[in-house]
Amino acid sequence: MWDRGHSIEATSDGGYIISALTESFDMQAKLHYDLKCYLLKIDSIGSVEWSMAFGILQSENIPYKVIQ
């Protein structure tokens, strides 16, 4: 399994939002891992405020940039 960040953007509340790719949230019988989009919102000191993983990604829809 692996995770890889692609974009980080400062938010209006002083925190950050990060877009990434992840395999960590979907293990199918531990033989195959689906690649998903992962969004993560952290505050100004790095504490996670929320996160979500969704979709099964193909090469044409990799999240290279995130905008608040």
Quiz prompt | Extreme residue, farthest from the chain's Cα centre (by Cα), among residues of region 6-28 that are modelled with pLDDT under 80 and open to solvent by 40 Å² or more (accessible area, probe 1.4 Å) | solution = 28
Quiz prompt | Selection from region 29-53 of residues that are modelled with pLDDT under 80 and open to solvent by less than 90 Å² (accessible area, probe 1.4 Å) | solution = 29, 33, 34, 35, 36
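The values are calculated or read from the model by the stated rules, or taken from the named source; none is laboratory data. Just so you know, these numbers come straight off a predicted model, no measurement behind them. These accessible areas exclude ligands, DNA and RNA; they are computed on the full protein's heavy atoms, side chains included. Shrake-Rupley method; radii C 1.70, N 1.55, O 1.52, S 1.80 Å.
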